[in-house]
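Enquirer: Below is the structure I would like to discuss, written out as structure tokens.
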Amino acid sequence: MGAEPPGGSLPAFSAPVFKSVAAGKQFGAGGTRALAPIDLEVGRGELLTLLGPSGCGKSTLLRLMAGLAAPSEGHLRWWGGGFETVGSPGRKVVFVFQNPTLMPWARVLPNVRLPLDIAGMPR
């Protein structure tokens, strides 16, 4: 049983948190195909793990899911709508970069605190 989030329970949603319908990514006309068309549906509370060899499209798919890139074919949905639905209560998407994105000039606490400050979490 999970802990209830601050401010009450999460709203119920019937649509999948994320849905990809034949979404693929190719860079430039005739360029590198980074992701072959994929159908994927992720529901609330599900855990998703992407496994595969280097260069198979794992990071590209994650960038699409996080709204950091647009598919060159197919379409994506978040809670049944476009990316603008992300960020409303109970509809958060987070992305952790695989390369370190620390502030090298800052000490440990400010690096750890930064995403919490951006999210408006009290100290």
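The values are calculated or read from the model by the stated rules, or taken from the named source; none is laboratory data. Bear in mind that the values here come from a model prediction, so they are computed numbers and not experimental data. A quick note on method: Cβ atoms are made from the backbone with ideal geometry, for glycine too, and the neighbour counts reach across all protein chains shown. Side chains included, ligands, DNA and RNA excluded: accessible areas come from the protein's heavy atoms. Shrake-Rupley method; radii C 1.70, N 1.55, O 1.52, S 1.80 Å.
Enquirer: Extending each Cα 7 Å along its Cβ direction at R113 and V93, get the distance between those two points in nm, one decimal.
Expert: In this crude spin-label approximation the distance works out to 3.0 nm.
Enquirer: List the lysines whose alpha-carbon lies under 19 Å from that of K58, not counting same-chain residues fewer than 8 positions away?
Expert: Excluding near neighbours in sequence, the set is K19, K25.
Enquirer: How much length would be gained if the chain were fully extended between E73 and E46, taking 0.36 nm per residue of separation minus their Cα-Cα distance, in nm to one decimal? Don't jump to the answer; show the numbers that get you there.
Expert: On the way: separation 27, 0.36 × 27 = 9.72 nm, distance 2.54 nm.
Extending this stretch completely gives an extra 7.2 nm.
Enquirer: What full-extension length gain, to one decimal in nm, is calculated for Q26 and W105 as 0.36 nm per residue of separation minus the Cα-Cα distance? Mind dumping the intermediate values first?
Expert: Details: separation 79, 0.36 × 79 = 28.44 nm, distance 3.65 nm.
Extra length available between Q26 and W105 comes to 24.8 nm.
Enquirer: Let me ask another. At 1.4 Å probe size, what's the solvent-accessible area of M103? Round to the nearest 10 Å².
Expert: The accessible area of M103 comes to roughly 40 Å².
Enquirer: Which of rounded, prolate or oblate describes the range 55-96 when judged by the alpha-carbon gyration tensor and an a/c cut-off of 1.5?
Expert: It comes out oblate by the Cα gyration axes.
Enquirer: Express in Å², to the nearest 10, the accessible area of V86 obtained by rolling a 1.4 Å probe over the protein heavy atoms while all chains stay in place.
Expert: Probe radius 1.4 Å; accessible area of V86 about 30 Å².
Enquirer: Then there's this: Sort all Cα-Cα distances of the chain into consecutive 5 angstrom bins from zero, then give the percent of pairs in each bin up to the one containing the longest distance.
Expert: Here the calculated profile for the chain is 2, 9, 16, 18, 18, 15, 12, 7, 2, 1.
Enquirer: Hey, if we sort W78, W105 by accessible area with the 1.4 Å probe, largest down, what's the order? Show your work: numbers first, answer last.
Expert: On the way: W78 20, W105 195 Å².
Highest to lowest solvent-accessible surface, that is W105, W78.
Enquirer: State in Å² the accessible area per residue of the range 40-104; use a 1.4 Å probe, count heavy atoms of protein chains only, and round to the nearest integer.
Expert: Values: 4480 Å² over 65 residues.
Roughly 69 Å² per residue, with all protein chains present.
Enquirer: Compute the FRET efficiency between S54 and F83 as 1/(1 + (r/R0)^6), taking r as their Cβ-Cβ distance and R0 = 41 Å, and round to the nearest 0.05.
Expert: On the way: r = 28 Å, r/R0 = 0.67.
So, using R0 = 41 Å, E works out to roughly 0.90.
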